[in-house]
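Written out below as structure tokens is the structure these notes cover.
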Amino acid sequence: MDVTLFAEKEGCDLNSFEELQEHSILGGGRFTKNQISDLLSCFKCSPSTLNDNLWIFPTNFSEELATIDDEKLKEMAVHWSDEHSWENTNVNSMDLAGHLLELKYAYLSHSNKRVFALFE
């Protein structure tokens with residue numbers, strides 16, 4: 001499943017990628033909803049579901065993402081790759097670390113906004 005992570009003000013209600021403003025896109029990739037849930041559990045939080053395809057991440061995720069040390073974020077990627085949702089996938093924790101670092105640095109210019117996930 002394609003997942004697009006983006007930053008937006010609360011109250012966002014989108015249904016497709018075409019509705020996103022390009023400057024708000026933070027990253028994404030091919031992840032399942034379980035894999036994104038496992039990522040959030042590594043941050044000790046869980047999403048709120050706005051509809052079947054749109055999730056909003058809690059503010060503590062955004063706050064930690066903006067301040068976390070890069071090495072700690074890489075360690076978190078290792079923990080994420082060990083989660084059940086990655087079983088039998090041959091995931092590389094360094095690839096996940098790359099996704100998380102990209103997300104972190106893209107988010108820094110949007111630090112007053114919430115992180116959302118759009119699943120397509």
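Only the coordinates and a few stated rules stand behind these numbers; no lab work does. Small disclaimer: the values here were computed from a predicted structure and weren't measured. So basically every Cβ, Gly included, is an ideal-geometry build from the backbone, and we count neighbours across all protein chains shown.
Things worth noting here:
- Rounded to the nearest 10 degrees, the angle from helix 33-42 to the longest Cα principal axis of the chain is 70 degrees.
- Among Leu101, Leu39, the ranking by other beta carbons within 10 Å of each residue's beta carbon, starting with the fewest, stands as Leu101, Leu39.
- Cα-based helix-to-principal-axis angle, 93-107 vs the chain, degrees rounded to 10: 30 degrees
- Value of D in µm² per second that Stokes-Einstein yields for the chain, Kirkwood Rh from Cα pairs, at 25 °C (0.890 mPa s): 172 µm²/s
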